[in-house]
Amino acid sequence: PLVDFDWGLSLITEYSSDYVSASWNGKIKVDKTELYTFYIYSDDRALVYLNHTLLIGSTTKCCVENRAEVTLTAGEYYELTIEYVELTGTASIQLSYSSTSVKKQVVPSTILYYALPIVGS
């Protein structure tokens with residue numbers, strides 16, 4: 001429900017703690033039309049796309065918080081994709097946001113949405 005992981009040196013998948021990639025795909029919908037700042041903190045690489053446009057691209061340099069600002073319209077769904085790559089060592093990723101009415105926090109599950117597969121499709 002959240003993009004807020006700190007695996008440390010533990011396994012990310014059943015078999016590996018290094019050279020792993022993951023992606024999150026869904027939608028985000030905010031309650032107020034405002035300028036929002038999105039923050040991605042990752043070890044190692046993370047890319048954040050909003051409506052299929054790169055919003056934040058972090059490098060493989062460890063433990064740097066990258067940010068970008070974007071105006072979102074209340075009640076509108078926006079496509080959100082996060083791509084993560086773990087090379088070696090510790091692993092973590094966190095997606096946060098803030099605005100004039102929202103204190104900086106991990107993006108809550110209450111504004112994140114995902115599609116359910118249709119049985120038989």
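The values are calculated or read from the model by the stated rules, or taken from the named source; none is laboratory data. On a predicted model such as this, the values are computed, not experimentally measured, just so you know. Every residue, glycine among them, receives a Cβ derived from its backbone with ideal geometry; neighbour counts consider all protein chains shown.
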ask   = From the list SER98, SER92, SER109, which residue is surrounded by 15 or more Cβ atoms within 10 Å (Cβ to Cβ), under 14 Å from the mean Cα position of the chain (by Cα) and more than 26 Å from TYR19 (Cα to Cα)?
value = SER98
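Here's the yes/no breakdown for (1) modelled with pLDDT under 95; (2) part of a strand (DSSP E or B):
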{"position": "LEU55", "(1), (2)": "no, yes"}
{"position": "THR59", "(1), (2)": "yes, no"}
{"position": "CYS62", "(1), (2)": "yes, no"}
{"position": "ALA68", "(1), (2)": "no, yes"}
{"position": "THR71", "(1), (2)": "no, yes"}
{"position": "ALA74", "(1), (2)": "no, no"}
query = What number of residues within the stretch 57-76 are over 25 Å from GLY8 (Cα atoms), loosely packed, with under 13 Cβ neighbours inside 10 Å and not acidic (Asp, Glu)?
reply = 4
ask   = Among all residue pairs at least 6 apart or on different chains, which show Cβ distances below 9 Å where the first residue, located in the stretch 1-16, is of a type in the set (Asp, Glu) and the second is in a loop (DSSP other than H, G, I, E, B)?
value = ASP4/VAL107; ASP6/THR90
request  = Give the number of residues within the stretch 81-120 that are part of a strand (DSSP E or B), of a type outside the set (D, E, K, R) and in contact with a Leu (Cβ under 6 Å, 6 or more places away or on another chain).
outcome  = 1
ask   = Which one is surrounded by the most Cβ atoms within 10 Å (Cβ to Cβ), of the residues in the stretch 15-48 that are at pLDDT below 95 and not in a strand (DSSP E or B)?
value = ASP44
query = Quick check: is even one residue across the stretch 77-93 touching a Cys at 6+ places or on another chain (Cβ under 9 Å) and within 29 Å of PRO117 (Cα to Cα)?
reply = yes
